[in-house]
Amino acid sequence: EDYSILVFDCEALKVVRRFGLPMSSPLPSIGPSPPRHTGPITDLSFNPSGRRLLTASLDNTIRVWDVPTATCVDWMRFSTAPTSVTLSPTGEYMATTHLNKVG
């Protein structure tokens, strides 16, 4: 499995975006981390405008994707794997839960 994320157009019935292509793809690296997840995706959330997609993964990261270009524009690493991610209605705040963590 390549741990990529697909966005499907329900009207056109086709895949319109693919995020996190395998490392053999010609994508630039963002910092010291590859521009893709290296573990299973646990959750995802669009921002209020729909322009950004946040994905959480068992690789201990949350990545922020630009939907129109399907590129990773930011990422965060945690000491434990995030199991869910959501944004406030304004997009100002992000809430996460993590593996084996309470509260």
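The values are calculated or read from the model by the stated rules, or taken from the named source; none is laboratory data. Quantities reported herein were computed from a predicted structural model and do not represent experimental measurements. Glycine gets a Cβ as well: all are built from the backbone with ideal geometry, and neighbour counts include every protein chain shown. Protein only, heavy atoms only, side chains kept; ligands, DNA and RNA dropped before computing areas. Shrake-Rupley method; radii C 1.70, N 1.55, O 1.52, S 1.80 Å.
Can you list residues from other chains, or at least 5 along the same chain, whose modelled amide H is less than 5 Å from the amide H of A81?
L99
Specify which residue in the list T69, P35, P48 is farthest towards the positive end of the charge dipole of the chain, using unit charges on the beta carbon of Lys, Arg (+1) and Asp, Glu (-1), about the Cα centre.
The residue sitting most towards the positive pole is P35.
What residues qualify as long-range amide H neighbours of T71, i.e. H under 5 Å apart, gap of 5 or more or another chain, H built at 1.01 Å from N?
Amide H to amide H, under 5 Å and 5 or more residues apart or across chains, T71 pairs with D66.
Provide the per residue accessible area, probe 1.4 Å, for the chain, rounded to a whole number of square angstrom. Present the calculation step by step, with values, prior to reporting the outcome.
Values: 6190 Å² over 103 residues.
In whole numbers, the chain has 60 Å² accessible per residue.
Using heavy-atom solvent-accessible surface (probe 1.4 Å) with all chains present, what is the largest-first order of L87, L53?
Numbers: L87 40, L53 0 Å².
Heavy-atom accessible area, descending, gives L87, L53.
Please give the solvent-accessible surface of T38 in Å², to the nearest 10, using a probe radius of 1.4 Å with every protein chain present.
80
Apply 1/(1 + (r/R0)^6) to the Cβ-Cβ distance of E1 and R51, taking R0 = 35 Å, and write down the FRET efficiency to the nearest 0.05. Walk me through the intermediate numbers first.
Numbers: r = 27 Å, r/R0 = 0.77.
After rounding to 0.05, the efficiency reads 0.85.
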